[in-house]
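Values in this text are rule-based calculations from the coordinates and carry no lab data. Bear in mind the structure is a predicted one, so any value in this text is a computation, not a measurement. Because the Cβ atoms are built from the backbone with ideal geometry, glycine has one as well, and the counts that use them run over all protein chains shown.
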Amino acid sequence: MSFVEKRILGVLLVLIFGSTTAFCQEKTYFSDSTSFFEFLSNQEQVPGLKFRFTLPADFQLSAKDTATWKRADIGIWYSIPIDSISQLTRFGSELDSVLASSVNFQYLIYDEPSTQEAASEFVSALLRSNDIFPEEKKNINSQDLVLLAQDSPFQPGFNVGFGYFSDFKIFVSIRSTPYC
């Protein structure tokens, strides 16, 4: 292998293996929809995130249900926006069997409909930017504490910088003292 070929191979290896480690510090908070919903139920409320249920346009609602359901311009029935998980579970338990079989669930990010993946990424971005802080889990045993400690990356509490040279006065005072 010639010198140029070795250099090209080295650059390619750096690009291949370097690209996989470029985003190692970015943490994945939710592996699936179950872990996302567990986080939401523990958190109870996330700013900017709401929920609602939808019904098809041809669905016939009774007169008492029209107070909680609104018809949009395109004909689809929307429930009122729900802010917290406790309200969501209460609303879901109040649905009768006919409504529950044809209802669809929808996430709202700043009152705009979105998917579960988009809502999960939205909450992950809030967590990464420290706009929200996860609520502590109730009933944590010692094994869970070790797992929680493993999840948080090390961040020094002070800025190290050039610590050796930051105390310049020591060098000046040592040099200025006369030798006997």
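Observations on the structure shown:
- Extension gain, LEU15 back to ILE80 (0.36 nm per residue minus Cα-Cα distance, nm): 18.4 nm
- In this calculation the C-beta distance from GLU117 to PHE3 is compared with R0 = 30 Å, giving a FRET efficiency of 0.05.
- Separation in nanometres of the label points that stand 7 Å from Cα toward Cβ, at SER33 and ASP73: 3.0
- With a Förster radius of 35 Å applied to the beta-carbon distance between GLN87 and ASP58, the computed FRET efficiency rounds to 0.80.
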